Amino acid sequence: MTSVRHRFVVLRSPSMAKEPVRVLVTGAAGQIGYALVPMIARGVMLGADQPVILHMLDIPPAEEALNGVKMELVDAAFPLLKGCIFIIMWFKFQMVLLRCVVATTDVVEACTGVNIAVMVGGFPRKEGMERKDVMSKNVSIYKSQASALEQHAAPNCKVVVVANPANTNALILKEFAPSIPAKNITCLTRLDHNRALGQISEKLNVQVSDVKNVIIWGNHSSTQYPDVNHATVKTPSGEKPVRELVKDDAWLNGEFITTVQQRGAAIIKARKLSSALSAASAACDHIRDWVLGTPEGTWVSMGVYSDGSYNAPAGVIYSFPVTCGNGEWTIVQGLAIDEFSRKKLDLTGAELTEEKELAYSCLS
Ligand SMILES: NC(=O)C1=CN([C@@H]2O[C@H](COP(=O)(O)OP(=O)(O)OC[C@H]3O[C@@H](n4cnc5c(N)ncnc54)[C@H](O)[C@@H]3O)[C@@H](O)[C@H]2O)C=CC1
Ligand SMILES: O=C([O-])CC(=O)C(=O)O
């Protein structure tokens, strides 16, 4: 949209004590982007008192649609959404422009100074396709965007990759942005985590907010392992294990797992489009907990760079149970893994190792 080089100067409002945080959303003209940007602008991601400056990136064919999203953000008059001043220098002349958001097809402009990057841009899976089918298109996008983030994002920028294959795209981003700390690059498995909470809440007729500590292990794919062995439900007589309350191991080891694994495909079948509002909401949950911390006694699932914990393959982005505090995630250690779970952790880990090889073969 604009190729003019500029400096960013943050506009500060005297009534807002906090410095604005710059949040990049790639693929912002797409359907997740459309659901996500108003959530960010309303404070769902970073809190109701945290001003934000939105950076939206899409590709030239989507430029007009991206501009439409920008117009709607102006029209929504979100108080938390801060504009930025662009000072354009041209010989002795100086022009000052105030932009409500950065909406651009220029990846460098989009990445400049961002503190948080939500990487949604890519080609979505259509009915009948597996995530592997979109691999070759998407990993090359993540390779090139890695360099832009590495060179232009704020130091310590936190990245969550949403676009599929999410774990492997995140790994490629990490490999091609070696100066970004590996801890800062994650992928979204929170949607699967939330889906698992939702299934348990429906089964037990309890509020979803009373269910906690499910785990999504491994890949954001149909090999993921939704594990309830450590999950609990808040009841009037204290927290009780999910297994004790459900009293149906056949369901928990069978239909429950496949429902969560296949939920993305079920949504595509029903809507003819993949999940968008739930994906956007999960991306907000992921970043909020990472930045602001998980509640005491609660963990969440995040795809993070594996150190080999729980004998998962090291060197892939694998979903683990994590707690967050002071802006850092930590893998929950010491959970018992039974034989049934072991096989599932290994299966999804093997798929990630295979995807990693496939991704490299697509890039060579
Ligand atoms: N991890 C998760 O839990 C979930 C992941 N997804 C994935 O998220 C991705 C986005 O899904 P939707 O928003 O439904 O797709 P969409 O097709 O509606 O939007 C994708 C947007 O990305 C843009 N795009 C393509 N190449 C780009 C590039 N190089 N740079 C910037 N933008 C680019 C497209 O122009 C489009 O506007 C898909 O890969 C989908 O499979 C979807 C749901 C859940
Ligand atoms: O299945 C898809 O392609 C979209 C997705 O990742 C999900 O809904 O979990």
Condition set β-branched (Val, Ile, Thr) and not in a helix (DSSP H, G or I), scope segment 224-257, selection surrounded by the most Cβ atoms within 10 Å (Cβ to Cβ): answer is 228
Of everything in segment 165-202 that's out of contact with any Gly (no Cβ under 7 Å at 6 or more places or on another chain), assigned to a loop (DSSP other than H, G, I, E, B) and not hydrophobic (A, V, I, L, M, F, W, C), which residue is farthest from residue 266 (Cα to Cα)? 179
Which residues, taken from segment 70-122, are assigned to a loop (DSSP other than H, G, I, E, B), of a type in the set (Phe, Trp, Tyr) and touching a residue at least 24 places away in the same chain (Cβ under 8 Å)? 78
With free of Cβ contacts under 8 Å to residues at least 60 places away in the same chain, within 19 Å of residue 356 (Cβ to Cβ) and either out of contact with any strand residue (DSSP E or B) (no Cβ under 8 Å at 6 or more places or on another chain) or within 12 Å of ligand 2 (Cβ to nearest atom) (or both) as the only criterion, which of 179, 144 stands out? 144
Restricting attention to segment 248-263, and to residues there that are of a type in the set (Val, Ile, Thr) and away from ligand 1 (no atom under 16 Å from the Cβ), which single residue is farthest from residue 214 (Cα to Cα)? 258
Counted residues in segment 268-286 being more than 11 Å from ligand 2 (Cβ to nearest atom) and closer than 17 Å to residue 159 by Cβ come to 5
Where residue 191 falls short, out of the listed (1) farther than 26 Å from residue 67 by Cα; (2) more than 11 Å from ligand 2 (Cβ to nearest atom): (2)
Odd one out for residue 173, checked against (1) in contact with a Cys (Cβ under 7 Å, 6 or more places away or on another chain); (2) in the same structural domain as residue 106 (by TED's automatic domain parsing): (1)
I'm trying to understand the selection: among the residues of segment 149-175, which are surrounded by fewer than 21 Cβ atoms within 10 Å (Cβ to Cβ) and in contact with a strand residue (DSSP E or B) (Cβ under 9 Å, 6 or more places away or on another chain)? 154
Mind listing whichever residues of segment 258-267 are crowded, with 19+ Cβ neighbours inside 10 Å and more than 6 Å from ligand 2 (Cβ to nearest atom)? 260, 261, 263
Would you check if there is a residue in segment 206-215 being under 30 Å from residue 128 (Cβ atoms) and away from ligand 1 (no atom under 14 Å from the Cβ)? yes
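The values are calculated or read from the model by the stated rules, or taken from the named source; none is laboratory data. Keep in mind that what you see is a predicted model, and the values were worked out from it rather than measured. Cβ sites come from the backbone with ideal geometry, for glycine too, and all protein chains shown count toward neighbours.
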